[in-house]
Structures are given as C-alpha cells and as structure tokens.
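A quick write-up on the structure given underneath.
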Amino acid sequence: MTGAARRIWGMLYRHLALYRRSWPRLLELAYWPTLQLCIWGFTARFIATRLGSHPAGPALLTHAGSAAMLAAGTLLGGVLLWEVALRGQTGVALSFLEEVWSRNLGHVFVSPLRPAELVAALLGISLIRVLIGVLPAVALAYFLYAFNLFALGPILVLFFANLLVMGWWVSLGVVSLILRHGAGAEALAWSVLFGLTPFSAVFYPVAVLPAAVRPIALALPSSHVFEGMRAAILHGSIVWSQMGWAVALNLLWGAASCALFARQFRIARERGALLSIGE
Amino acid sequence: MSLPPAIAVTGLTKRYDQVLAVDAIDFTVERGATFGLLGGNGAGKTTTIAMLLALLIPTAGSIRVLGHDMARDRFAALARMNFSSPYIALPGRLTVRENLRVYAHLYTVPAMEARIDALARDLDLGALLDRPAGQLSAGQKTRVALAKALINRPDVLLLDEPTASLDPDTGDWVRSWLERYRAESGCTILLASHNMAEVERLCDHVLMLKQGRIVDRGSPAALLERYGRADLEEVFLDIARDRRAAEASA
C-alpha cells in the first residue's frame, strides 16, 4: 500500500472501528431512509388506491390506475435516490464532526495526512454510510410496495453517482463553514441539502416550480437527475442531455467546493481555528 | 557535512488582529537536546508549538524542522515529528489498540503490530490495549498519548504540558520515562510546561517567554546563576513579575 493509500485507510479504519462498537450510529444510518420510504410509500399507495377507484368508469379506472402506479413509482424512486444525496452529504459532514467532537482534529492535522487525503477518506466513509443506509430501504421498497429500483437498469449507476457527488460537494461546503465558524455551524450538517429539496425536483418536474425559481432548480445537478429518472420510469427512455447537465454541473460545483475548502482550510490555519474548532 | 539542527526558528511572529501573540522570536534546538519553553499563560508557548507543527501559519518568520522548511515542505517534517498534549484527545470510543493502529497508518509505520506491542511493553499498556481510550484515568491517558506520540519513532517530539493534571507519582514516572527515552533514542524533545521542577530536571536549554517575546534563555543552571535564585520557580517569578527591576529600583 502506498503512503497516501495507507493514510486514507487509517482514517477509514478509524471510522469503521467507531461504527463497529456503536450500534446507535449504525441504526441511525438506516433509520431516516427507512422512515422516509415508509412515509412516502404509504402516501403513494394511498394516492394510487384513490385514483384507482375513480368513479369515472372502467376505462378511466384502468388508465388512472396505471398512471397512479407510475406516479407512485416516481415518488418512491425520488425518495430512494434523494436519500443517496442526503446520506452522502451527512456522511462526510458527520464524519468530520466526529473528529471535532472527539477533540482529535489536532492530532489528525499534525500527522502527515494531507488535506486531500482527509477528504478522500471522508468520501470513502460517506459511500459506506450511503450503502448501509440506503440498501435496506431499497430492499424494503421491493418487499412492501413491489417497487424495484434496479429495474431502472444501468442508468441507475449514473443517477446514483451524480447524486452522491452532489451530496459530497455540498458537504465540502458545510465542512468549509465548520472550519470557518467552528462547531457553531454543525447544524448545517443536517439541514443544508434538505433545504435544496424543493428546488431539486425530487417529487415533481421543474416545470411545476414558479418561473422565478426555475433557474435555481436548473443550476442543481439533482433536478436533471430526477427529470431523467421520471423519463426512465414514465417513458422507459434515457434523456442523455439531462445526464450531461448533471455531470457538467457536478464538475462545476465540485470544483468551486474544493476551492472553497482549500481556502477555508488555509484561513483556519492562519486564524488558529484548527486548535479551537470544537468551541 | 553536519546535519541541520532539529529546529531552527527565525523572526517567528504571529499576530491576531490587534494582538501580537509571538513577537519575532529566534531560537535553535540542537539534535538530541531537550528544550523547554517557559512562560505564564498567554506568553506564546502554545502558539509557538502550533506554528512548529504547521497547525498555525506564522504572520512572519521561518521555521525549519530537520532541515525542512515548514512553509513549503511541512509533510516531510511532520512524518518525522510527533506531538502530545493533554488538551487534544484521542477518540474515546476506540480502544487503545485501535487508536494506535490509526496513527500507525497515518504515519505509515512499518511492522505496525510489533511496534504497538513494543510500546505497550515500554509504557506498561498491556492491560489497557483493548479498553476504550475514553474510559482510562488521566495517568493512563497520558501513557497512551505518549505511545501515540512515539508510534513513528519521531526524531522531534513536541510535548505541551506533558504532566499537567497528573498526580506527583505519575508525573514523576512520566519524567523518568522521558529522560530514559531521550537517552536511548537520541530524540529531540521540545516541551512547554508550567512545572518548573520538570523543566529544571529535563531540559538542557530553556527559553523564557513573556507576552510573546523571549525575555531570557540559557541552561537551567545558567539561569539560576544569573538570577541568583535556588530554583527555576523563583526565576520564573522574577521574570513574570519583573521582580529584579522592582528590587533594583527599590
């Protein structure tokens, strides 16, 4: 193992050791995705049932029933995929906060671990957290609602990767704010990406949004992913232009986020914040 | 060709807005020496150590550790340094062994398990290795922190108040251990302390800081002689309270 790989593994090992002996942390990973899935799953089932029993006659009933099932599918797909971004973001931010809470950051930053290696380790932990958190919810969606996310096909990998990367760059922004403002900014670890939900077109198309906020939605990779997801579920087609936008926006925001992190890390070293970040 | 000094500091300055925390200090620590930073609260000891460890970027001046410029090549130096402070903890939910493994990976220590076993023998940690670090007593935590600080066999070891909050017996055990370790390893030690007896016992050379400036320096014996005092505590009080100037004017 090269020096860099060994240092990254050291940080991964630190968090894996923590999870291994902390069942509440493990439980928390799957808790929110499962809860969200249950809430939205039963909501979708209720709507599908109501539409399916529309009084307008058998023809409409069949049509409405099938439309309702598709609508339920887009809701469940939206819930599960948005959890990838949400868990990806909190995975990075909370792993960084674990170092702050354990007053261990000083030791980490005086070791030969490079900032980029620290970020790589946080991303690795985040990926593990996403898989542990979201896969049980995906399985539950299949058993409770007969919704198979994997039926989307190979394009699912692109959806997953784009949303995960979006969660990562948002979390780098959050870590930058924690470096700048200390633990006082820790509430952002849970709330920032949640605040982007209305603009991410998770449960409805961008066209539903008021014209004034559509540019905000279109500037987010998530809205393009979810437009793509709806096209895949409703029409069975892959809209490559949406995927292209998602990738390009992730590259753009990702670069901005890395630059922000590098700048805030340097400012933290100038202000002595790495010594007092837990306060 | 002679090796560069362990630590060479020139014109080191740190300013936070209106506060001058460290004011253009210069000092050199020779290899294998034990060097003490002495001073009251706010004298600039911790700020100086933070700059030596590259946790803090100086406003001006330069630091070279083992010949490496800390502004441009800090990671090469950091791999050969280590640090212990009672104010920076290790993750409390991880066992001692897991903590030592984490840092063995971060410092890319070869033969990691053998090194951990050797440190456990040396620092009497055998019974503690599989206990969570957060459940240890202050004395046990100090020994674990020392094991972490020695995991990479550092050439330069920085200790911030290594015996703070320890009972006299444990404090003496740590001091004896550091004396023996330095003699055996040839490691350079820089320590900041409020414990004058500790500094007198361990250090070859002492730097007295006050309000970010060096107000005196020398070996403990030379300082005692210069101030005409019986112990370093009296010397410290002379400097902290400007007692000599007061006595002269009286």
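The values are calculated or read from the model by the stated rules, or taken from the named source; none is laboratory data. Nothing here was measured: the structure is a model prediction, and the numbers come from that model. Using ideal geometry, Cβ is built from the backbone for each residue, glycine included, and neighbour counts are taken over all protein chains shown. Protein only, heavy atoms only, side chains kept; ligands, DNA and RNA dropped before computing areas. Shrake-Rupley method; radii C 1.70, N 1.55, O 1.52, S 1.80 Å.
Which residue, chosen from B:L232, B:G139, B:L52, occupies the Cα position most advanced towards the positive end of the dipole of chain B, where the dipole is computed from +1 (Lys, Arg) and -1 (Asp, Glu) charges on Cβ about the Cα centre?
Going by the charge dipole, the pick is B:L52.
Is the shape of the protein assembly as shown rounded, prolate or oblate, going by the alpha carbon gyration tensor and its root eigenvalues a ≥ b ≥ c, with a/c under 1.5 for rounded and a/b larger than b/c for prolate?
Taking the square roots of the gyration eigenvalues as a ≥ b ≥ c, the protein assembly as shown is prolate.
Would you look at the GNM of chain B, springs on alpha carbons closer than 10 Å, and say which of B:A114, B:A54, B:A21 moves the most?
B:A114
Arrange the residues A:M69, B:M112, A:M166 by how much accessible surface each exposes, largest first, with a 1.4 angstrom probe.
A:M69, B:M112, A:M166
Determine the dipole magnitude for the protein assembly as shown: charges of +1 sit on the beta-carbon of Lys and Arg, -1 on that of Asp and Glu, nothing else is charged, the reference point is the Cα centre, and the result goes in debye to the nearest 20.
Approximately 1320 debye in magnitude.
Interface size between chain A and chain B, please: total buried accessible area, 1.4 Å probe, rounded to the nearest 100 Å².
So the total buried area for this chain pair works out to about 3200 Å².
Of A:A268, B:G171, B:L12, which is farthest towards the positive pole of the protein assembly as shown's charge dipole, taken about the Cα centre with +1 and -1 on the beta-carbons of Lys, Arg and Asp, Glu respectively?
Final value for the positive-end residue is A:A268.
As I understand it, the value is the acute angle between the Cα axis of helix A:3-20 and the longest principal axis of the Cα atoms of chain A; what does it come to in degrees, rounded to 10?
60 degrees
Express the relative contact order of chain B as a whole percentage, based on alpha carbon pairs under 8 Å and six or more residues apart in sequence.
Relative contact order of chain B: 25 percent.
5 Å is the cut-off here: which amide hydrogens, built 1.01 Å from N in the peptide plane, fall below it relative to B:G39, excluding neighbours closer than 5 in sequence?
For B:G39, the qualifying residues are B:S193, B:L209.
If you count the DSSP beta bridges with both ends in the protein assembly as shown, what percent of them are antiparallel, to the nearest 5?
Taking every DSSP beta bridge within the protein assembly as shown, about 50 percent pair in antiparallel fashion.
For the range B:167-201 and the range A:113-181, what is the centre-to-centre distance using only Cα atoms, to the nearest Å?
About 48 Å separates the Cα centre of the range B:167-201 from the one of the range A:113-181.
What are the residues whose amide H is under 5 Å from the amide H of A:A201, where those residues sit 5 or more places off or on another chain and H is modelled from the backbone?
Those lying under 5 Å, H to H, from A:A201: there are none.
Using a/c under 1.5 as the rounded threshold, could you call the range A:95-186 rounded, prolate or oblate? The axes a ≥ b ≥ c are square roots of the C-alpha gyration tensor eigenvalues, and prolate needs a/b larger than b/c, oblate otherwise.
It is prolate, given that a/c is not under 1.5 and a/b is the larger ratio.
Show A:C38, B:C187 ordered by accessible area, largest first, where the area counts protein heavy atoms only and the probe is 1.4 Å.
The most accessible residue leads, giving A:C38, B:C187.
Quote the relative contact order of chain A in percent (integer), defining contacts as alpha-carbon pairs under 8 Å separated by 6+ residues.
Relative contact order comes out at 23 percent.
With θ set to phi - 60° and the Karplus curve 6.51 cos²θ - 1.76 cosθ + 1.60, what are the ³J(HN,Hα) couplings of the range B:225-233 in order, to the nearest whole Hz, using x for Gly and Pro?
5, 4, 8, x, 10, 8, 8, 5, 4
Of B:R74, B:R217, which has the most accessible area and how do the rest follow, probe 1.4 Å?
Final ranking, largest accessible area leading: B:R217, B:R74.
With +1 on each Lys and Arg Cβ and -1 on each Asp and Glu Cβ, and nothing else charged, work out how big the dipole of the range A:3-276 is about its Cα centre, in Debye to the nearest 20.
About 580 debye.
Return the sequence-ordered ³J(HN,Hα) values of the range B:83-97 in whole Hz as given by the Karplus equation 6.51 cos²θ - 1.76 cosθ + 1.60 applied to θ = phi - 60°, using x for Gly and Pro.
Per-residue couplings from phi come out as 8, 9, 8, x, 8, 10, 9, 9, x, x, 7, 7, 6, 4, 4 Hz.
Calculate one ³J(HN,Hα) per residue across the range A:150-164 by plugging θ = phi - 60° into the Karplus curve 6.51 cos²θ - 1.76 cosθ + 1.60, and present them in order as whole Hz with x for glycine and proline.
5, 5, 5, x, x, 4, 4, 4, 5, 4, 4, 5, 5, 6, 4
Using DSSP to define loop residues, name the trypsin sites (Lys or Arg not before Pro) in the range A:78-184 whose beta-carbon has at most 11 other beta-carbon atoms within 10 Å.
Qualifying residues, ordered by number: none.
Residues of the range B:35-186: accessible area per residue at 1.4 Å, in Å²?
About 37 Å² of surface per residue is accessible.
Given H placed on each backbone N at 1.01 Å, which residues far from B:R213 in sequence or on other chains put an amide H within less than 5 Å of it?
Residues meeting the amide H criterion: B:D23.
For the protein assembly as shown, which whole-number percentage of the solvent-accessible area (1.4 Å probe, protein heavy atoms only) is attributable to carbon and sulfur atoms?
Its accessible area is 62 percent carbon and sulfur atoms.
Among A:L80, A:S241, A:L12, which residue has its Cα furthest toward the positive end of the charge dipole of the protein assembly as shown, with +1 on Lys/Arg Cβ and -1 on Asp/Glu Cβ?
Comparing the listed Cα positions along the dipole, A:S241 ranks first.
In degrees, nearest 10, range 0 to 90: what is the angle between the Cα axis of helix A:240-271 and the longest Cα principal axis of chain A?
So the inclination is approximately 20 degrees.
How would the range B:1-73 be classified by its alpha-carbon gyration tensor: rounded, prolate or oblate, with rounded meaning a/c under 1.5 and the a/b versus b/c comparison settling the rest?
Oblate shape, in that a/c is at least 1.5 and b/c is the bigger or equal ratio.
Taking the Cα centre of the range B:42-93 as the origin, how large is its charge dipole in debye, to the nearest 20, when only Lys and Arg (+1) and Asp and Glu (-1) carry charge on their Cβ atoms?
Charge dipole, the range B:42-93, about its Cα centre: 100 debye, nearest 20.
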